[in-house]
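Coordinate-derived values only; no laboratory data. Predicted model only: the values in this text are computed from it and were never measured. Virtual Cβ from ideal backbone geometry, glycine too; neighbours counted across all protein chains shown.
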Amino acid sequence: MLLANLLAIDHLAFIDGIGFDPFFRGFLSVLAGFVVLVGGTYLLIATNTGVRGGMLIAAAGLFGWMFLMGIVWTVYGIGWRGDPAGWDLVEINIDDPDDTDDGLLFSEVEVAQELAGVDVSVEADDPDAAQVAALERSKEVDLGGWRYLTTSDSVRGEAQASADQFLVEEEIFATGEYLPLQFGGFTTGGKPVLVDNPNVIDRVLHFFDETFLNPVHSRELIVIQAQETINKPAFPGQPPPVAEVNPEGALVSVIMERDRGGPFPNLISGLRFTPFMFTVATGLLFAVFAWTLHNRDRRLDEVTAAAD
């Protein structure tokens, strides 16, 4: 009896934990919409073609629509998405400020050694102008296959969040004890990059280069550099001091590799793999129902021809 009461209490606690109104209202709304849309279409078709024919036509139309929707989901990475891509830590390289040699020269990542001693920093009052000037300078400096990333680059912004997490998790810095360097972002590998200020011809050539000449993704690495900040005291009644990089501090380079996810990351990312499989499944079902309808019509034509 006691066990039964405990089970009843557990069930009541579970039911109480469900947001009854929004949960069941949303569930019933979707269910009613599906029944009205699919069931209404089937009912309308079945009155003209029969129960079996109406079922085949309605199912073919449903899965055909889902197949087209899956294509859109796969192309744009929306809808039923898989796990998004992220960055995996490869190495955190610390340059000893007391040593004249650049720490990246001894990096375990061989391609990262090409960035040893590279400096694309420029002096400018306007940060945006400084980034433009640094980008132009990076084209004149031998980066060994690396590409400079401006602070406004979306790839660098996403990787910076991962670099911050790794720096704190690995106890290299504590939060607020360092600053990412303004001119310390580089990447290599991945898909070909579209040129700056592209025209229509550049976009077409980039499409064929990306799709046909480079159908797979090569290993994509990124380096985010940071340095410790100068410890400034905060005085009562005054705003906190502005963080400033300590030029004599060790240069810390966070080397990360792009994790695209999915079982075939070189071909398709995990984000698009889920809608891609949805597209394949619904496409196959659509093909089965369409082929069944085709055979049904062919047999009907044979019977009609024999009767004539």
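Beyond 30 Å, what share of the Cα-Cα pairs of region 88-259 remains, rounded to the nearest whole percent?
That fraction is 23 percent.
With springs only between Cα atoms under 10 Å apart, run a GNM on the chain and tell me which of G79, G26, G189 wobbles the most.
Maximum among the listed residues: G26.
Count the net charge of all other residues whose Cβ sits under 12 Å from the Cβ of D209, scoring Lys and Arg as +1 and Asp and Glu as -1.
Net of charged neighbours comes to 0.
Using 7 Å Cα-to-Cβ label points, what is the A124/D301 separation (nm, one decimal)?
Between A124 and D301, the label points sit 6.8 nm apart.
According to a simple spin-label model (label point 7 Å from Cα along Cα-to-Cβ), what is the distance in nm between T211 and D83?
3.0 nm
At I92 and V242, where each label point lies 7 Å from the Cα along Cα→Cβ, what is the point-to-point distance in nanometres?
Distance between label points: 2.8 nm.
Dipole size in debye (nearest 20) for the chain around its Cα centre, Lys and Arg Cβ +1, Asp and Glu Cβ -1?
Charge dipole of the chain: 2900 debye, to the nearest 20.
DSSP H helices in the chain with Cα extent of 30 Å or more along the helix axis and mean Kyte-Doolittle hydropathy at least 0.0?
Flagged H segments are 51-76, 270-307.
Can you work out ³J(HN,Hα) from phi for every residue in region 214-219, in order, using Karplus 6.51 cos²θ - 1.76 cosθ + 1.60 and θ = phi - 60°, giving whole Hz and x for Gly and Pro?
Those phi angles translate into 10, x, 10, 8, 7, 5 Hz.
Can you put I172, I222, I94 in order of Cβ neighbours within 10 angstrom, beginning with the fewest?
By the 10 Å Cβ count, ascending, the order reads I94, I172, I222.
Kindly state, to the nearest 0.05, the FRET efficiency for S29 paired with L293, given R0 = 35 Å and r defined as their beta-carbon distance.
In this case the efficiency is close to 0.65.
Sort out for me the Cα centre separation of region 124-194 from region 230-259, rounded to whole Å.
16 Å
Taking the Cα centre of region 88-259 as origin, work out the dipole magnitude from +1 charges on Lys and Arg Cβ and -1 charges on Asp and Glu Cβ, in debye rounded to 20.
For this selection, approximately 740 debye.
Work out the charge dipole of the chain with +1 on the Cβ of Lys and Arg and -1 on the Cβ of Asp and Glu about the Cα centre, then indicate which of I224, F273, N246 is farthest towards its positive end.
Of the candidates, F273 comes out farthest on the positive side.
Which label marks the calculated value of percent of Cα pairs over 28 Å apart, given the options [x] 62; [y] 38; [z] 51?
After the calculation, the listed value that fits is [x].
What longest range of the chain stays clear of loop-exposed GluC sites (Glu not before Pro) (DSSP non-H/G/I/E/B, at most 13 other C-beta within 10 angstrom)?
My reading of the result: 1-107 is the longest stretch.
For the chain, what does the relative contact order come out to in percent, with C-alpha contacts under 8 Å and a separation of six or more?
26 percent
Which of G144, F212, F173 sits closest to the plus end of the dipole of region 88-259, meaning its Cα is farthest towards the positive end, when Lys and Arg get +1 and Asp and Glu get -1 on the C-beta?
Going by the charge dipole, the pick is F212.
If I take every Cα pair under 8 Å that is 6 or more residues apart in region 183-308, average their sequence separation and divide by the length, what percent do I get for the relative contact order?
20 percent
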